[in-house]
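K.L.:
Below: one structure in structure tokens.
FYI, it's all coordinate maths here, none of it is from the lab. Being a predicted model, the structure only gives us computed values, none of them experimental. All Cβ positions, glycine included, derive from the backbone under ideal geometry; neighbour counts span all protein chains shown.
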Amino acid sequence: MRAAVIVFPGSNCDRDTAVAIEAAAGRAPAMVWHEDAELPAVDLIAIPGGFAYGDYLRSGAMAAHSPVMRAVAARARAGTAVLGICNGFQVLTEAGLLPGVLMRNAGLRFICRDVALRVERADTVFTRRYAPGAALTLPVAHNDGNYVADRATIDRLEGEGLVAFRYRDNPNGSAASIAGIFDPTRRILGMMPHPERAAEAVLGGTDGRALFESLAESLA
Amino acid sequence: MRARIHITLKDGVLDPQGKAVGQALAALGFAGLGEVRQGKVIDIDLAETDSGRARESLEAMCERLLANTVIEDYEITLAE
């Protein structure tokens with residue numbers, strides 16, 4: 001699997017994500033700066049966590065309009081897998097590649113802890129190494145993780161099976177306890193929890209590793 | 001020409017910040033408060049002198065960047 005990790009000013013999980021990808025795929029991803037308008041030929045584009053552009057205006061809003069995102073959108077439309085983690089999920093919603101928006105946590109506090117999740121679909125390029133309905137523990141670290149969309153969008157996500165992960169104990173007020181969603185092709189995944197922070201035992205958990213292994217296997 | 005843009009949460013979108021502000025005001029002893037909602041104000045100086053074209057351009061700015069219309073409404077006010 002050839003992968004690229006997008007790096008914005010303020011990204012802070014880019015290297016962790018690169019390490020997790022390299023461990024699963026056996027080759028290091030290309031690190032692509034946000035001002036680059038071109039992407040190398042890759043099978044996966046990862047948009048990492050952090051605080052791109054300092055979360056100015058709204059989380060992900062400025063990053064969504066950076067030069068590299070036009071290339072990301074074009075590749076996504078052409079079927080390249082795109083993974084947005086945390087701030088990356090916020091960027092994907094602001095770029096219009098995923099529906100809805102991540103608002104301020106309902107409790108107004110930054111949440112940085114492990115959360116329990118359920119795998120809602122195990123038949124995608126991102127999740128095939130998980131068992132359907134599997135219980136996972138992954139860390140979250142966000143201020144704006146409260147997934148909001150209109151009723152029709154939530155109904156569509158539920159009806160079309162586009163919810164990827166759900167919180168077992170909703171920490172941030174997200175509609176339908178949504179922690180991650182797919183686009184209709186299930187080639188784009190946005191999720192608030194951090195699989196790359198739970199990809200090696202030394203990090204305190206390994207439940208995130210299968211996501212990168214799923215991608216490496218699917219996109220070999 | 002100067003424009004002022006108010007960006008507010010749509011009706012029905014929960015505003016935890018506004019709610020916290022309301023609670024803080026109540027704690028300070030301000031009585032009789034209903035709902036408190038928080039928004040943003042953005043002032044923009046424009047070279048454009050035609051108000052119709054200015055408004056058109058500002059609407060495009062709001063739709064593409066300044067507001068997230070999934071959850072936010074915007075209102076444009078032009079000053080001479």
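K.L.:
Rounded to the nearest 0.05, what FRET efficiency is calculated for B:Gln17 and A:Arg168 with R0 set to 25 Å and r the Cβ-Cβ distance?
P.N.:
0.40
K.L.:
Can you tell me the Rg and the Dmax, both Å, for the Cα atoms in region A:162-220?
P.N.:
In order Rg, Dmax, the Cα atoms of region A:162-220 give 12.7, 37 Å.
K.L.:
If you put +1 on each Lys and Arg Cβ and -1 on each Asp and Glu Cβ, how big is the dipole of region A:1-160 around its Cα centre, in Debye rounded to 20?
P.N.:
180 debye
K.L.:
Around A:Leu138, what is the net charge, scoring Lys/Arg as +1 and Asp/Glu as -1 over all other residues with Cβ under 11 Å from its Cβ?
P.N.:
0
K.L.:
How large is Rg over Rh for region A:21-111, taking Rg from the Cα atoms and Rh as the Kirkwood inverse mean of 1/r across Cα pairs?
P.N.:
0.98
K.L.:
Rounded, prolate or oblate: which fits region A:119-201, taking a ≥ b ≥ c as square roots of the Cα gyration tensor eigenvalues, rounded meaning a/c under 1.5, else prolate when a/b beats b/c?
P.N.:
Judged from the Cα gyration tensor, region A:119-201 comes out oblate (a/c at least 1.5, b/c at or above a/b).
K.L.:
When every alpha-carbon pair in region B:24-80 is counted, what percent end up more than 18 Å apart?
P.N.:
50 percent
K.L.:
Turning to a different aspect of this structure: Could you tell me which of A:Ala149, A:Val42, A:Gly190 has its Cα farthest along the dipole of chain A towards the positive end, charges placed at Cβ (Lys, Arg +1; Asp, Glu -1), taken about the Cα centre?
P.N.:
Checking the options against the dipole of chain A, the answer is A:Ala149.
K.L.:
Could you tally the net charge around A:Gly173, taking each other residue with its Cβ under 14 Å from the Cβ of A:Gly173, Lys/Arg +1 and Asp/Glu -1?
P.N.:
+1
K.L.:
Taking the Cα centre of each part, how many Å lie between region A:66-104 and region A:168-194?
P.N.:
Computed from Cα coordinates, the inter-centre distance equals 14 Å.
K.L.:
Using the crude model of +1 on Lys and Arg Cβ and -1 on Asp and Glu Cβ, and no other charge, please compute the dipole size for the protein assembly as shown relative to its Cα centre, in debye to 20.
P.N.:
Dipole of the protein assembly as shown, to the nearest 20 debye: 640 debye.
K.L.:
About the Cα centre, and with charges only on the beta carbon of Lys, Arg (+1) and Asp, Glu (-1), how big is the dipole of region A:68-220? Nearest 20 debye, please.
P.N.:
160 debye
K.L.:
Taking 0.36 nm per intervening residue step and subtracting the Cα-Cα distance, what contour gain separates A:His65 from A:Ala176 on full extension?
P.N.:
Result: 37.1 nm gained on full extension.
K.L.:
How about region B:5-70: which trypsin sites (Lys or Arg not before Pro) there lie in a loop by DSSP and see at most 16 other Cβ atoms within 10 Å?
P.N.:
Within region B:5-70, the qualifying trypsin sites (Lys or Arg not before Pro) (loop, at most 16 other Cβ atoms within 10 Å) are B:Lys10, B:Arg37.
K.L.:
Assuming 0.36 nm per residue, please report the length gained on full extension of the stretch A:Arg118 to A:Asp36 beyond their Cα-Cα distance.
P.N.:
Full-extension gain reported as 25.9 nm.
K.L.:
What's the longest uninterrupted piece of chain A once you rule out the trypsin sites (Lys or Arg not before Pro) that are loop residues per DSSP with at most 12 other Cβ within 10 Å?
P.N.:
That would be A:110-220.
K.L.:
Also, quick follow-up: Are there any chymotrypsin sites (Phe, Trp or Tyr not before Pro) in region A:11-94 that are in a DSSP loop and have at most 15 other Cβ atoms within 10 Å? List them by number.
P.N.:
The qualifying sites are A:Tyr56.
K.L.:
Then there is this: Give the order of A:Ile47, A:Ile178 when sorted by the count of other beta carbons within 10 angstrom, beginning with the fewest.
P.N.:
A:Ile178, A:Ile47
K.L.:
I need the phi-derived Karplus couplings for region A:73-90: 6.51 cos²θ - 1.76 cosθ + 1.60, θ = phi - 60°, integer Hz, Gly and Pro marked x.
P.N.:
Each residue of region A:73-90 in turn: 4, 5, 5, 4, 5, 7, x, 5, 5, 10, 10, x, 10, 6, 4, x, 5, 4 Hz.
K.L.:
Over the whole of B:62-72, what's the average partner chain Cβ count within 10 Å per residue? Rounded to a whole number, please.
P.N.:
4
K.L.:
Just in region A:131-220: which GluC sites (Glu not before Pro) are loop by DSSP and have at most 16 other Cβ atoms within 10 Å?
P.N.:
A:Glu160
K.L.:
Find, to one decimal place in angstroms, the Kirkwood hydrodynamic radius of the protein assembly as shown, where the mean of 1/r is taken over every pair of different Cα atoms and then inverted.
P.N.:
20.1 Å
K.L.:
Now a separate question. State the extension gain, in nm to one decimal, for the chain segment bounded by B:Ala31 and B:Thr69, taking 0.36 nm per residue of separation less the distance between their alpha-carbons.
P.N.:
Answer, rounded to one decimal: 10.4 nm.
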